[in-house]
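The values are calculated or read from the model by the stated rules, or taken from the named source; none is laboratory data. Keep in mind it's a predicted model, so treat the numbers as computed, not measured. Note that we place each Cβ from the backbone using ideal geometry, even for glycine, and neighbour counts take in every protein chain shown. Remember, those area values only see protein heavy atoms, side chains included, never the ligands or the DNA or RNA. Shrake-Rupley method; radii C 1.70, N 1.55, O 1.52, S 1.80 Å.
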Amino acid sequence: MSAEGAPAPPAPLLGAALPPGGVIGVPAPASPWENRSDVLRGVEWWESRGYRVKLAEGVWRRDAYVAGDAKARARDLEALFADPEVDVVQCLTGGYGSAQLIPNLALEVIAANPKPFIGYSDITALHVALRQATGLVTFYGPHLWTMGARETSAFTRERMLAVLSGDGTGLVPADPDDPYVRPLRGGRVTAPLVGGCLWLLAQTMGTPWEVRLDGCILFIEDFDAPPWYIDGMLTQLGHAGKLDNLAGVVVGEMAKCDWSEARPEWPRTKSLEDVLEERLEPLGVPVLYKLPVGHGRHLATIPFGVLATLDADARTLEIVQAALGPAGERGPTREGT
């Protein structure tokens with residue numbers, strides 16, 4: 001049992017690396033497509049690199065802000081994991097609705113067919129649930145929609161391919177346009193890396209898949225959440241005891257999270273860094289801010305559920321445990337067992 005009173009997640013469960021010419025399976029677990037070309041651009045990007053794309057049966061469904069019925073979305077996700085042809089499961093997009101799938105998922109299907117699973121933002125809900133229920137190592141990285149978007153950087157695409165086709169280890173690169181990374185509190189620690197979008201992590205509270213953070217390096221990022229939102233979410237997690245036993249904290253891209261004229265709710269406000277300093281420095285663990293992971297121009301794919309070394313003094317985060325098995329190897333593989 002963890003200090004939080006819940007069983008510790010299973011040992012890391014690895015999928016296999018993406019082989020040359022492999023198949024990318026695409027479900028729509030959250031929001032739907034807007035323009036058909038948003039989907040087609042992503043498909044064509046993969047095909048231009050010599051890969052194939054297999055769209056889930058319900059990927060074209062739309063029901064306002066979600067991609068169809070939650071049970072149908074859950075069946076689509078299970079089907080791609082169970083499909084022997086599919087090598088990687090990459091979400092269509094984020095938005096809203098991933099948490100709706102969790103009570104409807106046959107998690108044993110996913111545990112029996114581990115594969116690299118990649119997405120970010122709203123997909124945080126699935127990252128948390130899959131890791132805690134099955135041990136599956138998942139990847140916080142771009143969606144299919146991202147791959148074909150005109151504004152997506154070469155850094156984002158190449159980093160994702162490098163991670164998925166290797167074993168996921170190595171240093172997480174800094175932003176190529178602004179490599180400054182700030183240590184909010186010094187120190188060095190090695191522990192499992194977990195987390196996601198702060199808003200979605202807070203939404204797990206009180207659910208059966210409430211996020212478990214004891215002994216872990218917590219990664220957080222967010223988008224369009226002004227300082228008082230960030231303050232409120234960190235305060236909530238703190239009051240719930242979720243920050244009491246962390247090994248360290250990594251703060252990624254906090255895009256549009258400082259005060260702006262577009263969000264003038266308060267005439268005076270603390271800066272985002274003020275809030276991070278006040279809420280994270282007193283935890284007494286290493287804290288590093290501003291790696292390019294999140295909703296910014298550059299997105300450096302990272303794995304969740306494996307060991308990472310956070311060296312705030314050196315301003316680095318390094319993945320030190322393999323997140324993927326060799327390409328072509330199928331079936332459950334438990335790291336460290």
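Quick notes
- So Ala262, is it more than 27 Å from Pro114 (Cα to Cα) and either at pLDDT 90 or above or of a type in the set (Ser, Thr, Tyr) (or both): no
- Scan of the range 209-239 for residues that are in a strand (DSSP E or B) and touching a Pro at 6+ places or on another chain (Cβ under 9 Å), ordered by number: Ile217
- The set of residues from the range 158-189 being among the basic types (Lys, Arg) and either under 22 Å from Leu246 (Cβ atoms) or open to solvent by 40 Å² or more (accessible area, probe 1.4 Å) (or both) comprises Arg182, Arg185, Arg188.
- Qualifying residue in the range 251-273 (condition: among the hydrophobic types (A, V, I, L, M, F, W, C), open to solvent by 40 Å² or more (accessible area, probe 1.4 Å) and assigned to a helix (DSSP H, G or I)): no
- For the range 168-215, residues that are within 18 Å of the chain's Cα centre (by Cα) and among the hydroxyl-bearing types (Ser, Thr, Tyr) total 2.
- Meeting the requirement of 1 or more residues that are at pLDDT 95 or above and surrounded by fewer than 20 Cβ atoms within 10 Å (Cβ to Cβ), the strands (runs of 3 or more DSSP E) wholly within the range 35-152 are 52-55.
- Complete set of residues in the range 169-196 that are of a type in the set (Gly, Ala, Ser) and either out of contact with any helix residue (DSSP H, G or I) (no Cβ under 9 Å at 6 or more places or on another chain) or at pLDDT below 95 (or both): Ala174, Gly186, Gly187, Ala191
- Taken over the range 41-75, the residue count meeting the criterion of being among the acidic types (Asp, Glu) and out of contact with any Lys or Arg (no Cβ under 9 Å at 6 or more places or on another chain) is 3.
- Given (1) free of Cβ contacts under 8 Å to residues at least 12 places away in the same chain; (2) buried (at least 18 other Cβ atoms within 10 Å of the Cβ), index of the condition Pro282 fails: (2)
- When Gly206 is tested against (1) open to solvent by 40 Å² or more (accessible area, probe 1.4 Å); (2) part of a helix (DSSP H, G or I); (3) of a type in the set (Gly, Ala, Ser), just one condition goes unmet, and that condition is (2).
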